[in-house]
Amino acid sequence: MSRIRPLDPDDGERLHDVFPALREGMLSQKSLTFHARTDHSFVLEGQDGKLKGVTLAQSVWNGVEPELRVAGIWVASEKMEDTAILLDAVVKSAYDAAVYRLRFEMHEDRTDLASLLKRTGWTHEPLAVYTAQLGSDGGVLRAAPSRNTGAP
């Protein structure tokens, strides 16, 4: 029997043991600390107390209404049941918070997860996603040539 519970920032080392490739990215200590405060992120524990999976999500205002954005779901096994348990926890937390729009952006190679989402009523929206990195880690971005209007 598995148990779902809210993410705790102290889960970091245990999660890194299960998902070492995500240590510096999605499961960095900064990310875990942030997502633990959102009340929409969860871990899945096995009966033995070992972590079996994690989901990270946060609610945001999308310009029209609140929206729950799922950053990801990762499970240690190939069992879609574990993924479904984590997905159900996210959906319930959104509903309980009166956030009725959910968005899950993921890589196209997650066909197993896409299949689960479609089976449970999610719809696919074909979108183009563009990203940019600002600051010292990124390049200089300018939306248009500067226009000097002569104003001080």
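General observations
- Residue list for the range 103-114, restricted to those being without any contact (Cβ under 8 Å) to a residue 40 or more places away in the chain and open to solvent by less than 50 Å² (accessible area, probe 1.4 Å): PHE104, ALA114
- Failed criterion for ALA89 (all others in (1) within 21 Å of GLY121 (Cβ to Cβ); (2) small (Gly, Ala, Ser); (3) in a loop (DSSP other than H, G, I, E, B) hold): (3)
- Qualifying positions in the range 102-130 - more than 19 Å from MET80 (Cα to Cα) and hydrophobic (A, V, I, L, M, F, W, C): LEU102, LEU127, ALA128, VAL129
- For the range 13-47, taking the residues that are part of a helix (DSSP H, G or I) and of a type in the set (Ser, Thr, Tyr), the one that is surrounded by the most Cβ atoms within 10 Å (Cβ to Cβ) is identified as SER31.
- Single condition GLU45 does not satisfy, out of (1) closer than 25 Å to THR111 by Cβ; (2) in contact (Cβ under 8 Å) with a residue 12 or more places away in the chain: (1)
To keep it simple, each residue is scored yes or no on (1) in contact with a Ser or Thr (Cβ under 8 Å, 6 or more places away or on another chain); (2) at pLDDT 90 or above; (3) within 23 Å of TYR130 (Cα to Cα).
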site	(1), (2), (3)
GLU24	no, no, yes
GLY49	no, yes, no
LEU68	yes, yes, yes
ARG110	no, no, yes
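- Inter-residue pairs, beta-carbon under 8 Å, first at negative phi and in the range 6-19, second among the hydroxyl-bearing types (Ser, Thr, Tyr) and open to solvent by less than 20 Å² (accessible area, probe 1.4 Å), 6+ apart: PRO6/SER41; LEU7/SER41
The values are calculated or read from the model by the stated rules, or taken from the named source; none is laboratory data. If you're wondering where the values come from, they're calculated on a predicted model, not measured in any experiment. Note: ideal-geometry Cβ built from the backbone for every residue, glycine included; neighbour counts use all protein chains shown. SASA here: full protein model, heavy atoms, side chains in, ligands and nucleic acids out. Shrake-Rupley method; radii C 1.70, N 1.55, O 1.52, S 1.80 Å.
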